Every structure is written in C-alpha cells, then in structure tokens.
Amino acid sequence: MGKNKSNIRSWFLVIFFVKHLVSMIRKQRRPWPSSLPLELQSLEMAARLRVDSNAISMASTDFGKLSRVIPAAVLDPLSEEDIVNLVRFSYASSSVPFSIAAKGQGHSLRGQAMTQGGVVVDMRALNINNGRINVNGSANLYVDVGGEQLWIDVLNETLQYGVSPRSWTDYLYLTVGGTLSNAGISGQSFRHGPQISNVYELDVVTGRGEVVTCSRDMNSELFCAVLGGLGQFGIITRARIPLEPAPSRVKWVRMLYLDFSAFTRDQEYLISINGNGGQGMKGLDYVEGSLVTSLSPPNNWRSSFFSLADHSRITSLLETKHGVLYCLEVAKYYDHLTLDTVDEELDLLLTGLSFIPGLIFTKDVSYVDFLNRVRSGELQLRSKGMWDVPHPWLNLFVPKSRIFDFDAGVFNGILRQSSNLVGPILVYPMLRSKWDDRMSAVIAGEEVFYSVGLLQSSPTKIMHECREDHHLVLEEQNRKIFEFCEEASIKVKQYLPNYTTRAEWMKHFGPKWELFKERKNKFDPLAILSPGQRIFN
C-alpha cells in the first residue's frame, strides 16, 4: 500500500511538472507572425523554425548593438537542405516573398545580418553535425569547411595535420561564411591577399534556392559575386580553403615612431619585400600598425604585448611628445627547420628602419597564441561586462597618396579633439595586386592603400554611466571624418560598408555597380537575401 501511495505521488509530480512546462512554453510562444505564410508551419522544418521570444530576441541584435531589428522567426538548420527548403519556399511564394538573413556569429556592426519581419538563419546550428571540417592531406592541400565554422576551430583542426590556412583576420571567433562575405583582412593580407583571395571552391545556396558548387573555373560568375558580396547572392554553406605547412612559433616585434612619414615609409618598404628579401631570404609574414595615444594605450584589449616597465616608459614618452606615437608591428614565422636562422633573417629585414632608437620590443610566442591574440582581451572585457556594448566602429580603405592628409586631418585633428573615447586605432598598408577585382569587394583605387580601423568605445570610467547614448559621440565623430574626407576629396572606401540610400551604394561600388546589380538580378532576383545591408530593399 505504501508503495502504491509513493507511485501515485510520483505521478502527481510528473503531471505537475508537465503542466508547468507546458505553461512556460505557452508563455514563451508568440502568435504565428503575419509576415510569414501559414504554409511554413506544415513544412518538415517547422520544428526548427522558432518563433519563441528567446530566439527572436537573440536574432534581433548584433555585435554593434546599434540596431534592433525584429525578425518573424529563426531557423535552426540541421542541414543544407533546411536552408534550401526555406529559400525555395520564399522564392516560390504566391504572395510577397519573405526576406532571409544568414547569421553566423552576428559580428556585424549595424544590422547587416538581421531582417525585419523575415527569417534569420542561425548558421551556427549546423555545427551540431560532426564532419564539417575535413582536411585533405594530398599534394593539393586544402580543407573543406562548413560556412558556419569558426576560424579558430579551422585552425585547431588543421594544425593536427601540421598545416593551416595562410590568410587570417585579427579575431578568429568569426565564421568562415561571414568573413568570406566581406573580405577577411589582417596583417597577412599584404603577402597572401585577403581571405577571399584564398578560396578554391564554394557551395552556395542562391536566392533562387539552388545549390551551386562554384570556383574560378566552374560557375565563376557566382564564385566572384559571392566573395565579398555582402551576402547578396547566396548563403555560403561550404568553402574549400588552401593550406600550407604550419609554423610552430612566431617572432613578434613592435617598434615605435614619432614621425608618421617614417612610420609609413617603413611599412611600405616591408610589404614590398613580400617575396624575397635579398640573399634568398623571405620577407615578413605579418605587418600591421597602430596609433598610440593616451586614449589608445600601448596595451589594449587587442593584445597585452608590453611589460609593465615598457608600458610606463612609453606612457612617459607620450606625455613629452605631443601625445601621439605610431607603432609598427611585424611577425616572422619559424619552425625547427629555421630556428637557427630566424633571428638573423629578422635582423636583416629590420636593418635601416627609422623607429625611435631603443624602442623596439620582441616576443617569442607560439603560432596559435599569436593568431589568437585578441581572445584574451575579449574574455577580460566580457568578465567586466564591457564587451556587449555599442560598437560604432569605422573601417576605411585610404589611398596611399592621401594617407598623410588623413593623418593630419583625422589622427592629429578630429581624434585629438576627442577626450572621452578609447580603443585601438589601426593603420597598415595592403597591395591591390593581391586582390581579385572580379570579386565583389570594393577597395581603394591605388596599388598601395591603407586599412584604417577606428575600434573605439567609451572609456571604462563612464561606460556604465552613459551606456544608452555614449555611442552617439562616436557616431558624430564618424560623421566628421566622412565630412572631412569629402571636403578634402580623399576617396576612401568603407570596409564592412553601411549606407542607407541607393545613391550611396552606387557611389560605393562605382564602376562595379552595374555588374553588382546584374548579378543580383541573376542570382537573387526577388531580393530575398541579406536585407539588412539595405542595398536592394
């Protein structure tokens, strides 16, 4: 009898729990959105098409924290077929087709991976399946990678075979499909080109719901359109990335400059020897640069490179040298085969440079630690609640012929007037010849051009006091920079572009606009994909 009572109590507890769970689910569920056809509910994917509050909230914002755009639903695809079915359903809709935005890590700044009233495809849901990173170890080294995969995972997997990709972004917690839809740049770009120049093949779901395998030799128009195409022509579900033998360690060097002319002259010299540096010696593997000011200190979240003593020394110099220094940052890879020669090669490469005597600093780190250098700073900011804040960052390509004017007007003009904005300010050169002009990405019109990244936010002391509106100060600063460039006729191009009018997009693409528009009509004629870019909708 006692056992029966125990069983009855257990059943009552189960019934209570189920009712409670159902009640919670009902509270989270939303009515079926009017912007989506009712027929979507009957598709096999319906169980993965979410309309609950949590899913909608997560898909309504991005890293920039500057936009809030409410989708109607979120698809958690378990396979490429789920994405295909969704796109085909929209394309074949008898009413107005609903928009679709593919979202990886959501590292966009201004809602580029979002959609109002449409469906966000959470690409990271594909990562639940194993086998989405496959290394081919034959003579033609490559790795087949799902578009949803993070570059850090690609690195870790390929290193198990002693190989790795050769072109990177500074931050590795981004998806392959996300960076290839933009360009993917870093200090290796002068040598190997951006990431879009380092792709053998793609699988793409077009705006017609077709799965197309493409390369430079097969369906080349789609291949070139998608790379740097801002998600306008298709969703990347697989990329074939070339590999090369991976080094094991890195000589990482930073040098400080007072003079911007010497700083840029040395950068341009170093990227000019990206083949052989004389005496059979290879050039550097990485070249970047940055500003050092009281608000953009020597150590920041991008990497804590300097020791406390060196940091204090540099800060003291800043106070006596008008508050601006320039930091040239380079790296030379090596392994056990070049261990005995790397120091000599590095010394030869840096001989004759015009940095401040004595202000050269060297670290010896593992290859992984160098490539993943931003991660520790991110984790520190997360622990302080300072990562998920507005990021009105501005990334520009500036032609070499006008970089001195930009330095005078922006670095030593507009930015010097900002007393409450902090963060890294990057400036380093790249070579146009390392980019494929058939691809959709837009860059400055000269062979040598500079990547300028203004990665600023409000300082710690006021971060929590004005979180709601501190980004407006940065927005105003960005507006002044654009006005200055316009008035000075400096033909800058935005990297990770953001415009609101068709005329602005036409100006951005320039001679590429008509081709870009033709490709859109061919591969996504109903303008279903990537509405957050605000190009065709």
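The values are calculated or read from the model by the stated rules, or taken from the named source; none is laboratory data. Note that the structure is predicted; figures quoted are calculated from it, not measured. Don't worry about glycine lacking a Cβ; one is built from the backbone with ideal geometry, like all the others, and counts go over all protein chains shown. Surface accessibility is based on the protein's heavy atoms, side chains included, excluding ligands, DNA and RNA. Shrake-Rupley method; radii C 1.70, N 1.55, O 1.52, S 1.80 Å.
Within the range 510-521, being free of Cβ contacts under 8 Å to residues at least 60 places away in the same chain and either open to solvent by 80 Å² or more (accessible area, probe 1.4 Å) or in contact with a helix residue (DSSP H, G or I) (Cβ under 7 Å, 6 or more places away or on another chain) (or both) holds for PRO511, TRP513, GLU514, GLU518, ASN521. Out of LEU359, LEU353, LEU328, one residue alone is within 22 Å of TRP168 (Cβ to Cβ) and either open to solvent by less than 30 Å² (accessible area, probe 1.4 Å) or of a type in the set (Asp, Glu) (or both). It is LEU328.
Counting only residues that are open to solvent by less than 50 Å² (accessible area, probe 1.4 Å) and without any contact (Cβ under 8 Å) to a residue 60 or more places away in the chain, which one in the range 298-310 is farthest from ARG191 (Cα to Cα)?
ASP310
Here are some residues: ASP524, ASP437. Which one is charged (D, E, K, R), at pLDDT 95 or above and open to solvent by less than 10 Å² (accessible area, probe 1.4 Å)?
Working: ASP437 fails: open to solvent by less than 10 Å² (accessible area, probe 1.4 Å).
None of the others qualify; the one that does is ASP524.
With respect to the conditions (1) surrounded by 21 or more Cβ atoms within 10 Å (Cβ to Cβ); (2) assigned to a helix (DSSP H, G or I), VAL442 lacks only one, and its number is (2).
For the range 389-427, the set of residues classified as closer than 27 Å to LEU227 by Cα, open to solvent by less than 10 Å² (accessible area, probe 1.4 Å) and aromatic (Phe, Trp, Tyr) consists of PHE397 only.
Condition (residue is acidic (Asp, Glu) and under 30 Å from VAL87 (Cα atoms)) applied to the range 261-269: is it met by at least one residue? Scanning the range 261-269 turns up no residue that is acidic (Asp, Glu) and under 30 Å from VAL87 (Cα atoms). Look at the range 176-200: where a residue is touching a residue at least 60 places away in the same chain (Cβ under 8 Å) and within 17 Å of ARG240 (Cα to Cα) and a partner is open to solvent by 20 Å² or more (accessible area, probe 1.4 Å) and of a type in the set (Phe, Trp, Tyr), sitting 6+ places away or on another chain with Cβ atoms under 7 Å, you get ALA183/TYR495; GLY193/TRP435; PRO194/TRP435; SER197/TRP435.
For the range 139-156, check the following and say yes or no: at least one residue is surrounded by 22 or more Cβ atoms within 10 Å (Cβ to Cβ), touching a Phe, Trp or Tyr at 6+ places or on another chain (Cβ under 9 Å), modelled with pLDDT of 95 or more and over 20 Å from HIS192 (Cβ atoms). No, the range 139-156 contains no residue that is surrounded by 22 or more Cβ atoms within 10 Å (Cβ to Cβ), touching a Phe, Trp or Tyr at 6+ places or on another chain (Cβ under 9 Å), modelled with pLDDT of 95 or more and over 20 Å from HIS192 (Cβ atoms). Looking only at the range 30-79, filter to residues that are among the small types (Gly, Ala, Ser), open to solvent by 30 Å² or more (accessible area, probe 1.4 Å) and over 23 Å from SER93 (Cβ atoms); which one of those is modelled with the highest pLDDT? Residue satisfying both the conditions and the ranking: SER57. Exactly one residue out of SER451, SER433, SER457 is more than 17 Å from LEU291 (Cα to Cα) and in contact (Cβ under 8 Å) with a residue 12 or more places away in the chain: that is SER433.
Residue check: GLY131 meets all listed conditions (1) open to solvent by 10 Å² or more (accessible area, probe 1.4 Å); (2) on the phi < 0 side of the Ramachandran plot but one, namely (2).
Criterion first (open to solvent by 70 Å² or more (accessible area, probe 1.4 Å), of a type in the set (Gly, Ala, Ser) and either within 22 Å of the chain's Cα centre (by Cα) or at pLDDT 95 or above (or both)) does SER457 satisfy it? The answer is no for SER457. The residues of the range 151-204 that are in contact with a Leu (Cβ under 9 Å, 6 or more places away or on another chain) and among the aromatic types (Phe, Trp, Tyr), listed by number, are TRP151, TYR161, TRP168, TYR173, PHE190. Per this entry, PHE361 is not counted among residues that are touching a residue at least 12 places away in the same chain (Cβ under 8 Å), farther than 25 Å from SER167 by Cα and in contact with an Asp or Glu (Cβ under 8 Å, 6 or more places away or on another chain). Of all residues in the range 396-417, those that are within 19 Å of VAL448 (Cα to Cα) have Cβ atoms under 6 Å from Cβ atoms of residues that are of a type in the set (Asp, Glu) and open to solvent by 20 Å² or more (accessible area, probe 1.4 Å), 6 or more apart or on another chain, in PRO399/GLU446; LYS400/GLU446.
Looking at the range 257-373, the helices (runs of 4 or more DSSP H) lying wholly inside it that each contain 1 or more residues that are within 29 Å of the chain's Cα centre (by Cα) and aliphatic (A, V, I, L, M) sit at 260-272, 367-371. Selection over the range 164-185 of residues that are over 25 Å from GLU80 (Cβ atoms) and open to solvent by 10 Å² or more (accessible area, probe 1.4 Å) gives a count of 4.
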